[in-house]
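Colleague: Sharing a structure below in structure tokens format, with a few things to ask.
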Amino acid sequence: MMDSSAFVDQALEGYQSAQQPGMAATGKKTRMSNEKIDAVAQDFEAFFVSMMMESMMSGIATDGPFGGGQGERVFRSVMVQEYGKEAAKQSEFGIADAVRTQLLKMQEVN
């Protein structure tokens, strides 16, 4: 079983490579400001919470004459992303704190 810091490191590497294509491939490291680290940590938490909510809501059926279809799938996806952002702003999950700590540790090593 992977410990939490190794999991966060692995998740951050994947997140960074998705956000900045080419940076992971070149191995180029740049120092981030505290404000940037906070923003990345909150974005990561929002993304994680959104994925969790997306999975949770995937089983909810849409009924009625105005339910379902492509429009509702798109709207639900956007709604879940916004829910994730709002939940991350509340900082109740603690994921952003762990990500922030790991990012700071990564900068200390480099």
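None of the figures in this text is laboratory data; all of them are computed from the coordinates on show. On a predicted model such as this, the values are computed, not experimentally measured, just so you know.
Colleague: Residue by residue through the stretch 52-61, which ³J(HN,Hα) values in whole Hz follow from phi under the Karplus form 6.51 cos²θ - 1.76 cosθ + 1.60 (θ = phi - 60°), with glycine and proline marked x?
Modeller: The phi angles translate into 5, 5, 4, 5, 5, 8, 5, x, 7, 7 Hz.
Colleague: Could you work out how much longer the chain between Asn34 and Gln107 gets when fully extended? Use 0.36 nm per residue separation minus the Cα distance between them, nm to one decimal. If you can, show how the numbers build up before the last one.
Modeller: Values: separation 73, 0.36 × 73 = 26.28 nm, distance 1.10 nm.
Full extension from Asn34 to Gln107 adds 25.2 nm.
Colleague: In whole Hz, with x marking every Gly and Pro, tabulate ³J(HN,Hα) for the stretch 79-88 from phi via Karplus 6.51 cos²θ - 1.76 cosθ + 1.60, θ = phi - 60°.
Modeller: Result, rounded to whole Hz: 4, 5, 4, 5, 4, x, 5, 5, 5, 5.
Colleague: Next up: Given the Cα atoms of the stretch 65-104, and with Rh set as the inverse mean 1/r over their pairs in the Kirkwood sense, what is Rg to Rh to two decimals? Mind showing how you got there, number by number?
Modeller: Values: Rg = 15.3 Å, Rh = 12.2 Å.
For the stretch 65-104, the value is 1.26.
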